[in-house]
């Protein structure tokens, strides 16, 4: 890896080397710019959770990687990077607005009711071994979501930090896992 | 995948890339090809029986303004997919040149005092519209391919600039091959065709100039 004292310690020069295929220079460049990108994202999206911030940072890094050929070494690097960051933040905000427009917030219902009918499923799912098997058979992402959220009873935010994925992705994985478990265990019962 | 893993993967999978040439040079290459194509188109149309009026002094000023607007719009479109260029600096020069072109046509129209019915019933102008819209298609396609190599920062703006460049230069070709004694007719029919082209391209940009296309082969 290129050391900070090497001739190519300038961001623009590092990108020029990266365009020529130097992975060490590119690694150094990405390590140098990522904290700056994270700082900008956190400043602009103060309300976002850490998982959402990382999602945006990764989005910027992927975009930077995809259009690295557009960098002109005769021009300053930082305005080039900032234009990409700004664009991805605006796109991210639009995406968020579209997604949240389709989501409906509902209050969490109590999981236990006195009516016997509401407890039938729990009684019927008494086969712990079958449940363990069904959980083990889930895809890795779904299994991790069930483990963190349902078995360890962590909050969405904590689970997202532990798994390194976004809250949204965890919700989807949990929903799919629960649907699979219902289907699997339901099939076994019938 | 966490950010550290992503960075390592991007660096590991790094392949050399050819940096894009400066926007001015890329636009110049496209403009050269476009000039050749429009010249061939104009000569072909002339061979079909239309007189060439390129030397007519009265037509010279609007056409010069149109060519300048086309060149500036093409350069701005190519520069708009390179991060770091100011959007405002890019947009105003071609708009100013396009306004000069429109201005010359409006002044000519006012002095000729043509009735609206006469303007709208100029059915032979459909040929010009076809020449501008259909003749522009290959130019739009080539420019779109060039633009897709860049960053889709403002797809609608980029596409609108590209459409202005293509449409206004195709208009020059149409004016060179077909007699246009009436500025009002040119303004309404050619201007209308260019406006349609700009609107269609600006709308379609969301499907062509996307980050998905730019990121093909790159994923988290």
Identify the residue in segment A:30-56 that is in a loop (DSSP other than H, G, I, E, B) and touching a residue at least 40 places away in the same chain (Cβ under 8 Å) and, among all such residues, is farthest from the chain's Cα centre (by Cα). A:45
Looking at segment B:140-152, can you tell me whether even one residue there is assigned to a helix (DSSP H, G or I), within 14 Å of chain A (Cβ to nearest Cβ), under 15 Å from residue B:77 (Cα atoms) and at pLDDT 90 or above? yes
Looking at segment A:79-97, which of the residues that are at the interface with chain B (Cβ under 9 Å from one of its Cβ atoms) and surrounded by fewer than 17 Cβ atoms within 10 Å (Cβ to Cβ) is nearest to the chain's Cα centre (by Cα)? A:91
Do we find a residue being in a helix (DSSP H, G or I), in contact with a helix residue (DSSP H, G or I) (Cβ under 6 Å, 6 or more places away or on another chain), within 24 Å of residue B:5 (Cα to Cα) and at pLDDT below 90 anywhere in segment A:80-88? no
Over segment B:2-53, the set of residues more than 7 Å from chain A (Cβ to nearest Cβ), assigned to a loop (DSSP other than H, G, I, E, B) and modelled with pLDDT under 90 is B:13, B:48, B:49, B:50, B:51, B:52, B:53
Would you be able to say whether some residue in segment A:114-129 is at pLDDT 75 or above and in a helix (DSSP H, G or I)? yes
Can you tell me which of B:81, B:91, B:100 is at pLDDT 85 or above, crowded, with 21+ Cβ neighbours inside 10 Å and farther than 24 Å from residue B:124 by Cα? B:81
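The values are calculated or read from the model by the stated rules, or taken from the named source; none is laboratory data. Everything numeric in this text was worked out from a predicted model, so none of it was measured. Here the Cβ is made from the backbone with ideal geometry for all residues, glycine too, and neighbour counts use every protein chain on show.
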